[in-house]
Structures are given as structure tokens and as C-alpha cells.
């Protein structure tokens, strides 16, 4: 009996110890599992933190590099105000601090007018670095055939095409008609209109609503990817003559020595029409008032001469009156310089109209035949009996041309 009791007691003791060992092993296993999970969570958190820090550092470095690009482009455009242009001192900065940040940026512009300009900007923040490379291209105000801030209306049956007066063999002409607006019916293409190029609307605009197509033929229709700037051009400082140009029933010949500031231009018909003839070279006129061309009166730009006309006021041409440009479109440039709304009623007396840039002007163009040139304005209504041909040669600009600026092209980064 005693043996049985002791055996039973020993058995219970072994079972109790076995259960205690199992519980201890279970606890140790749980601790190990929790330790592994905790280590994993900590590792994931640390990795996420490092990833966030790296991404945020890259973003700050990218912002710094962008700031360098913006500042370098600004400085290049500021250099355009200094004549003559000098390639020997191009923008360059090393280690400039980004405002309200510990990031720095460095940039350098290299190249020349012949080969083109390359900009490299490097942004640095902590251990991160971002490099941006791009080209800086000089452009002028006549990059498109027709461009309006608001509305473009093309009469029925009109053809808009292009050519290159500087290279007759150039057949690859980029013709564009566009508006900066995104409002409905900002471009009206009447029946039979043919645009041998693209038609563009403002950034974010819906081509189906912005363009009212009444049976036109075009290439691609699209929304611009970035805003097109049409800044106001300031007239140059010229000698103030204290008078206007008034021609009544006769012909007045002017040349380079007559360059200056005038209060108005008024041509009237008497027994003969009033004619203002520009000859002998390059002439620059700044008119602070209006230009009025009476019936049959003309402003004639003779072959071999040029006229740059800056106008603060309005322009009106009566029946059979207008501009007679006997040379290529670039020989006549009309700049609307007012910060207020202007009105231009233009009548082309010859095929070569010229280049017109007037961001605040509402322009109506009338012509009896085909016309050649480029127009940028607030509103454009083409009422020509013929067709409109964009001269791509107007895109070729120099540092001495009006309304030029450097823009960024061919962007890459690493």
C-alpha cells in the first residue's frame, strides 16, 4: 500500500513538473515571437523613416535645383536689356542658399548665340543631390500664325498656311492658330476654313467647347500644356518731336532721320490721297495717340526699308486705305504698347502685311488678296477676301529684336 501511494505521489510530481516545463517553453516561444515581430516592426519603422527622409531630402534638393534654373533663366533675360549682347559673362553661381531652407543650389550657363546655350543647375540638401540640364532658346513674339488672348474668328473659306521667306525650299512649316482662353466658342472656324496646322486652346481647356468648328479642316486640336506669355512691350525712348505726322492729299517721304516720338499719324484724302512713304533704311516711330488713315490713303514701306511702329492709341483705316509693305513681312512690325484696350482696324494694300503684336488690341484684318505675316492680339477677326500665310522666318530672332526672351527647352534631370 505504501509503495503504491509513493508511486502515485511521484507520478503526480512528474506530471506537475512536465506541465511547468511546457508552460515555460510556451512563454519563451511567445517572447521570441514577440521579439521577432517587434524587431521587424522597428526595422520597418526605421526603414520607412529613412525612406521618408531620403524622399523629402530629394524633394528639397529638387526644389533647390528648380530655383537655380528659374534664377539663371531670369538673369539671362535681364542680360537681354543690356545692348550689345555679351557672351563673355554668362550667369554662374556656386553654393547659394535656398531661402528658408538649408538647401543650396549652383548653376552655370554655357554656350553662345551660334551654338546655343546650355544650363546646368545642381540642388543639394543633406546627402541628396539633384541635377537639372536644359537648353535655353531665344524666342520672339511671333512664334505662331495667329494667337489671341481671347477670341479668334476666321471667315468662311479661308486658308491658313505657312511658308518661309528666308528659305523658299523649307516646306516643313509649323503653323499654329490658338487662344489662351478656355471659354466656350473662343475660336470660331467658319465653314470651309482650312488650317494647315494645329489649333490650340488655353491650358486645361476642352477643345470640343472652346473651338466652334462649323465645318473646318485642321490638323490636331489640343490644349496647351503651359501658359503662353504675352507681355506688354514698352516703346523705346525716342526723341519727342512735339508734333504729329499729318499728310493731306500729298505724299510725305520719311527716312531714318525722322525716327522719333509723335503725337499722331493722320492721312487724309483731298484731290489726291495722303501717302506716308518710308524709305532709305530703318525707321522707328512711337505714336502716343491714334493713327487714322482716310479713304485711299496709305503707309508705304518701300523695298529695302523697314518700319517699326509703336502705338499707344487706336488705329483705323477707311475704305481702300491701309499698309502697303513692298518687302517681306519682317519689314513692317506693329506693336500695341497700351496697357488699356486698343482697337486696330487694318487693311492690307499689298500681300505682305507684316508682324503685329498687340496683347490688348482687338484687331479686325481686311484685305482684298492673300496676306502674309503673323498676329498676336487680344481678339483677332480675319475678314480677308484671300488667305493668310504665316512667315516662319519671323521666328528667327536676334538679341536686338523687340519682345525677345529665353525659354527652357529639352529638359533632363538626374
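The values are calculated or read from the model by the stated rules, or taken from the named source; none is laboratory data. These numbers were taken from a predicted model, which means no experiment stands behind them. In this analysis, Cβ positions are derived from the backbone assuming ideal geometry, glycine residues included, and neighbour counts consider all displayed protein chains.
Tell me, which residue of segment 329-363 that is under 17 Å from residue 145 (Cβ atoms) and at pLDDT below 90 is surrounded by the fewest Cβ atoms within 10 Å (Cβ to Cβ)?
Step by step, filter segment 329-363, then rank; the result is 351.
Could you please let me know if residue 306 is farther than 21 Å from residue 147 by Cβ and surrounded by fewer than 20 Cβ atoms within 10 Å (Cβ to Cβ)? Write out each step before concluding.
Working: farther than 21 Å from residue 147 by Cβ: yes; surrounded by fewer than 20 Cβ atoms within 10 Å (Cβ to Cβ): no.
So residue 306 fails the test.
Quick check, is residue 243 in contact with a strand residue (DSSP E or B) (Cβ under 7 Å, 6 or more places away or on another chain), assigned by TED's automatic domain parsing to the domain that holds residue 363 and over 22 Å from residue 383 (Cβ atoms)?
Details: in contact with a strand residue (DSSP E or B) (Cβ under 7 Å, 6 or more places away or on another chain): yes; assigned by TED's automatic domain parsing to the domain that holds residue 363: yes; over 22 Å from residue 383 (Cβ atoms): yes.
Considered against the rule, which asks whether it is in contact with a strand residue (DSSP E or B) (Cβ under 7 Å, 6 or more places away or on another chain), assigned by TED's automatic domain parsing to the domain that holds residue 363 and over 22 Å from residue 383 (Cβ atoms), residue 243 comes out as yes.
Only one of (1) part of a strand (DSSP E or B); (2) within 13 Å of residue 330 (Cα to Cα) fails for residue 379. Which number is that?
Here residue 379 meets the rest and fails (2).
Of all residues in segment 281-301, which are outside any strand (DSSP E or B) and either at pLDDT below 95 or buried (at least 19 other Cβ atoms within 10 Å of the Cβ) (or both)? Before you say what the answer is, go through the steps one by one.
Step one: filter segment 281-301 for residues outside any strand (DSSP E or B), giving 281, 288-290, 294-297.
Listed by number, the residues that qualify are 294, 295, 296, 297.
Restricting attention to segment 385-414, and to residues there that are surrounded by fewer than 21 Cβ atoms within 10 Å (Cβ to Cβ) and over 30 Å from residue 91 (Cα atoms), which single residue is modelled with the lowest pLDDT?
Start the filter on segment 385-414 by keeping residues that are surrounded by fewer than 21 Cβ atoms within 10 Å (Cβ to Cβ), which leaves 385-387, 393, 395-405, 407-414.
Now restrict to residues that are over 30 Å from residue 91 (Cα atoms): 385-387.
Numbers: 385: 71, 386: 77, 387: 89.
Here the answer is 385.
Scan segment 150-189 for residues that are closer than 12 Å to residue 201 by Cβ and within 20 Å of the chain's Cα centre (by Cα) and report the count.
Qualifying residue count for the region: 13.
Need the failing condition index for residue 230 against (1) farther than 17 Å from residue 374 by Cβ; (2) outside any helix (DSSP H, G or I); (3) touching a residue at least 12 places away in the same chain (Cβ under 8 Å), just the number.
Just one mismatch for residue 230, condition (1).
In segment 251-262, is there at least one residue being under 21 Å from residue 360 (Cβ atoms), assigned to a strand (DSSP E or B) and within 35 Å of the chain's Cα centre (by Cα)?
Of segment 251-262, the ones under 21 Å from residue 360 (Cβ atoms) are 261-262.
Adding the requirement that they be assigned to a strand (DSSP E or B) leaves 261-262.
Imposing the further condition that a residue be within 35 Å of the chain's Cα centre (by Cα) reduces the set to 261-262.
Checking segment 251-262: at least one residue is under 21 Å from residue 360 (Cβ atoms), assigned to a strand (DSSP E or B) and within 35 Å of the chain's Cα centre (by Cα).
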